[in-house]
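What follows is a set of notes on a single structure, which appears directly below.
The values are calculated or read from the model by the stated rules, or taken from the named source; none is laboratory data. Computed from a prediction, not measured in an experiment: that's the story for all the values here. Heads up, the Cβs are rebuilt from the backbone with ideal geometry, glycines too, and the neighbour counts pull from every protein chain shown.
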Amino acid sequence: MTIGNRAIGAPINIWNDHSDSMSMRDAGWIQLFAETNQEAADLHIIAFRLAEELSCPVMVCMDGFILTHAYERVDVATQELVDQYLPPFDPRQLLDPAAPMSIGAMVGPEAFTEVRYLAHHKQLRALDRIPVLSDEFEAQFGRTSGGLIRSYRTEGADTIVVALGSVNGTIQDVVDEMSEEGAAIGSVSICSFRPLPLAAVREALQGAERVVVIEQSLAVGLGGILATDVRMALAGLPVNVYTVIAGLGGRTVTKASLHKLFRKAEHDTLDSVTFLDLNSGIIQRHFERESKLRRSGPAAENVLCDRGVVAARIG
């Protein structure tokens, strides 16, 4: 199948956690996060429309292993419906030996500020276009996909959980179970990470007493990446924001772990940055090694040896 008269090949980033896509968050790409395989397929159709309207690259982000290695029914859009949604492709730039030109030329200080401003301006325009294109997609294909954010059982919630990608399905299951037990808890799934819809995030979260941000990436030496953005959206509001690092490297985020985490959050006993399901025994063993050896060796190899993943030992 093609998308319009374009061969499938929209930018897509597949990762174990969110580190790869987060590393590109300031490059000027629009970043849309899929919760399911169905949405990953749908977002590609929306991405082409968005990219061509703004002349801006769009990254469709989906979780490695969790989605890429899952079997799931997906409704593949018919060529007729796709052609109705996407206008005929008219490339802006063509390679023509008779009219040579540079594409992707280096920009020096005489124009770099203006180029970066225009990249910023396109992201702001995308905030307006993404909801419109998502509504048009729903009207054309009969199902919702994309958008800026989605709120789930947030009305009257004291605790709201914020996350990107497929982990939102597990979070919503836990929200349902805790709500049945009387907890005032909801969740917000962010589809558009770049541009981040600050106003929509603020409106969705401003009634909460606390916000728990589930991060599948880590800014080493700082903590959360998404949580920093959420704090910006909530600036000036009396809302506690907790960062939880979870699912790194594709590690499973279980309902049992989330239940314990959210119960602690209800009592405001979480640290500002929490590593979910951290193996404290492994960490302590490494600290002891460091205290005994001036050169303790690379942490990754040591931890893998401690877990019995590799046979060779260092030091």
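Key figures
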item	result
Of all residues in region 48-83 being part of a helix (DSSP H, G or I) and among the acidic types (D, E), the one that is nearest to L133 (Cα to Cα)	E53
Flag for G165 being within 14 Å of the chain's Cα centre (by Cα), touching a residue at least 40 places away in the same chain (Cβ under 8 Å), under 19 Å from V244 (Cβ atoms) and not in a strand (DSSP E or B)	yes
Residue list for region 295-309, filter: surrounded by fewer than 14 Cβ atoms within 10 Å (Cβ to Cβ) and either of a type outside the set (A, V, I, L, M, F, W, C) or not in a helix (DSSP H, G or I) (or both)	R295, P298, R307, G308, V309
Per-region count, region 84-133, residues assigned to a helix (DSSP H, G or I), of a type outside the set (D, E) and closer than 18 Å to D26 by Cβ	15
Candidates V76, V82, V115 - the one that is over 16 Å from L32 (Cβ atoms), crowded, with 16+ Cβ neighbours inside 10 Å and outside the structural domain of L226 (by TED's automatic domain parsing)	V82
Residue list for region 211-231, filter: of a type in the set (S, T, N, Q) and touching a Lys or Arg at 6+ places or on another chain (Cβ under 9 Å)	none
Test result for S151, surrounded by 18 or more Cβ atoms within 10 Å (Cβ to Cβ), touching a residue at least 24 places away in the same chain (Cβ under 8 Å) and of a type outside the set (A, V, I, L, M, F, W, C)	no
Selection from region 85-110 of residues that are over 21 Å from A40 (Cβ atoms), surrounded by 10 or more Cβ atoms within 10 Å (Cβ to Cβ) and of a type outside the set (F, W, Y)	P87, V107
Selection from region 167-189 of residues that are surrounded by fewer than 24 Cβ atoms within 10 Å (Cβ to Cβ) and touching a Leu at 6+ places or on another chain (Cβ under 8 Å)	T170, V174, S189
Hits in region 249-281 (condition: farther than 19 Å from S217 by Cα and modelled with pLDDT under 95)	S280, G281
Residue match in region 114-125 (condition: modelled with pLDDT under 95 and of a type in the set (V, I, T))	yes
Single match in I283, I245 (criterion: over 30 Å from L124 (Cα atoms) and of a type in the set (A, V, I, L, M))	I283
Which numbered condition T159 misses (of (1) at pLDDT below 95; (2) over 29 Å from A41 (Cα atoms); (3) polar (S, T, N, Q))	(1)
Matching residues in region 133-147 - criterion: being surrounded by 13 or more Cβ atoms within 10 Å (Cβ to Cβ) and more than 19 Å from the chain's Cα centre (by Cα)	L133, D135, E136, F137, E138, Q140, F141
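For every residue, the table says whether it meets (1) in the same structural domain as I30 (by TED's automatic domain parsing); (2) under 22 Å from S23 (Cα atoms); (3) out of contact with any Lys or Arg (no Cβ under 7 Å at 6 or more places or on another chain).
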site	(1), (2), (3)
E181	no, no, yes
P197	no, yes, yes
E209	no, no, yes
A233	no, yes, no
